[in-house]
1. Enter the Cα centre distance for the pair the stretch 17-56 and the stretch 153-222, rounded to the nearest angstrom.
2. Once you sort the root eigenvalues of the Cα gyration tensor of the chain as a ≥ b ≥ c, which label holds: rounded (a/c under 1.5), prolate (a/b larger than b/c) or oblate (the other case)?
3. As I understand it, the value is the acute angle between the Cα axis of helix 331-354 and the longest principal axis of the Cα atoms of the chain; what does it come to in degrees, rounded to 10?
4. Say a paramagnetic label sat at a point 7 Å from the Cα of VAL160, along Cα to Cβ; which residues of the stretch 178-199 have their backbone N under 20 Å from it?
5. If you average the C-alpha positions of the stretch 102-146 and of the stretch 356-411 separately, how far apart do those two centres end up, in angstrom?
6. Compute the FRET efficiency between LYS272 and GLU417 as 1/(1 + (r/R0)^6), taking r as their Cβ-Cβ distance and R0 = 22 Å, and round to the nearest 0.05.
7. What whole-number value in Å² describes the accessible area per residue of the stretch 1-78 for a 1.4 Å probe?
8. For the stretch 176-246, which chymotrypsin sites (Phe, Trp or Tyr not before Pro) pass both filters: DSSP loop (anything but H, G, I, E, B) and at most 14 other C-beta atoms within 10 Å?
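The values are calculated or read from the model by the stated rules, or taken from the named source; none is laboratory data. The model shown is predicted, which means the values in this text are computed figures rather than measured ones. FYI the Cβ positions are ideal-geometry reconstructions off the backbone, even for glycines, and counts take in every protein chain you see. Only protein heavy atoms, including side chains, enter the accessible area calculation; ligands, DNA and RNA are left aside. Shrake-Rupley method; radii C 1.70, N 1.55, O 1.52, S 1.80 Å.
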Amino acid sequence: MQFSVETTGNIDRKMTVAVPAQKIDQEVEKRLKGMVGRVKIDGFRPGKVPFSVVKKRYEEGVRYEVVEKLLGSAFQDAANQEKLRVAGLPEIDLKTMEAGKDLEFVASFQVYPDVVIAGVETLTITRPVADIADADLDKMIDVIRKQNQEWNEVDRAAAVGDMVNVDFDGSVDGEAFEGGAAEDYSVELGSGRMLKDFEDGLVGMKAGEVKTIDVAFPDTYHAENLKGKTAQFKLTMKQVRASTLPEVDTDFITKFGVESGSVDDFRAEVKKNMQRELDTAIKTQLKQQVMDGLAELHAIDIPKSLVTEEIRYVRDEFSQNTGSPADNIPDELFAPQAERRVKLGLIVGEVIRQHSLQRDPARVDAMLETVAASYEDPQALKNYYRGNRQAMQTIEAAVMEEMIVEWVMEKATVNDETRDFDSVMNPKKPEQAQA
């Protein structure tokens with residue numbers, strides 16, 4: 001076999017390969033002879049079909065199979081000889097495959113880029129530092145109470161905070177529109193689930209009351225036919241319910257697994273869960289800063305095949321998270337996230353290789369304990385992970401990410417920033433911070 005490799009870009013390569021005709025013809029002949037005793041052709045007894053007949057009928061198909069196999073093996077052998085780290089599958093341009101002639105093809109492909117780890121000492125990381133104050137704990141217990149509130153029908157006008165049951169029928173310029181009508185629809189007033197004009201129109205209505213209101217759709221509304229339009233809604237109030245928050249008593253406390261029923265024990269358990277969530281939030285924000293920093297420090301040519309493969313994973317995750325199919329969404333919308341993941345994967349992989357970072361079994365067990373602690377049956381979850389190799393790999397990958405973050409933070413400048421619990425748990429997005 002003869003081959004040559006041409007560099008056509010930073011990570012782009014073109015390989016020209018010629019496989020001797022004799023090698024192909026010999027393999028075709030061998031396969032055809034092996035078929036003589038097995039093929040069935042009308043007019044011939046089983047096992048008595050002449051080789052010339054077998055060759056005439058099957059040679060073309062057999063030659064195609066042989067060539068297909070040799071294309072892959074010849075390319076791989078040549079890539080191994082040149083010590084090329086091929087990224088994805090090559091594009092093959094077949095030049096010749098005729099009997100008696102050398103097999104010639106050109107393979108266009110990309111290789112993994114050489115990643116040179118930049119000096120992470122230039123990075124500055126802000127580490128949030130927060131304590132859980134009594135006011136934070138009281139607020140969380142109020143949230144828990146609200147999650148377990150009861151709704152009871154009341155004979156009065158609806159107010160903000162009430163749950164109402166309503167029929168509505170909407171139209172724009174006298175024409176009904178999709179999604180503009182419903183019966184027995186429940187809305188918690190003040191929740192922001194519906195447009196403000198709609199919720200405001202329900203405030204003050206009593207059961208049995210009917211009225212028509214104007215509702216303005218914002219210019220940013222998701223439905224094109226309603227953007228910037230004003231609709232008229234006929235509202236029929238069916239029921240008004242007010243909420244009753246449960247008391248933090250023994251019955252309420254024991255529902256959450258605190259067998260003593262003690263308020264102090266309950267508060268301690270809630271605070272422990274809050275601390276776990278706080279620790280996780282801080283780790284997540286540190287990881288985000290580290291990964292952002294690594295991405296900004298390195299300019300890397302990213303193999304297209306790896307991005308294409310990653311787009312499939314991003315698309316699948318989108319479908320799982322939204323519960324909606326994403327087959328019709330263009331690849332371009334998923335490409336930035338896929339490119340970032342591939343880029344960071346290449347950088348992190350090189351850091352692991354260069355610094356011989358090894359998976360620590362003790363840290364894997366500790367992380368699994370942390371993950372399981374937030375579930376009702378921690379042992380069942382741990383058993384599931386330990387019995388599922390793919391699931392355990394997600395824990396192991398998370399541990400390696402933690403080790404990468406620690407490695408970067410040991411070298412970078414880390415500034416502690418004192419913050420309150422709520423701002424750590426609900427960080428503002430850049431556009432919110434500027435508003």
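1. 78
2. Prolate is the answer for the chain, as a/c is 1.5 or above and a/b outweighs b/c.
3. In the chain, helix 331-354 runs at an angle near 70 degrees to the longest axis.
4. Once the point is set 7 Å along Cα→Cβ of VAL160, 187-199 turn out to lie under 20 Å by backbone N, inside the stretch 178-199.
5. One Cα centre to the other: 16 Å.
6. In this case the efficiency is close to 0.35.
7. Details: 5100 Å² over 78 residues.
On a per-residue basis, 65 Å².
8. Here the chymotrypsin sites (Phe, Trp or Tyr not before Pro) that fit, given the DSSP loop and packing criteria, are TYR221.
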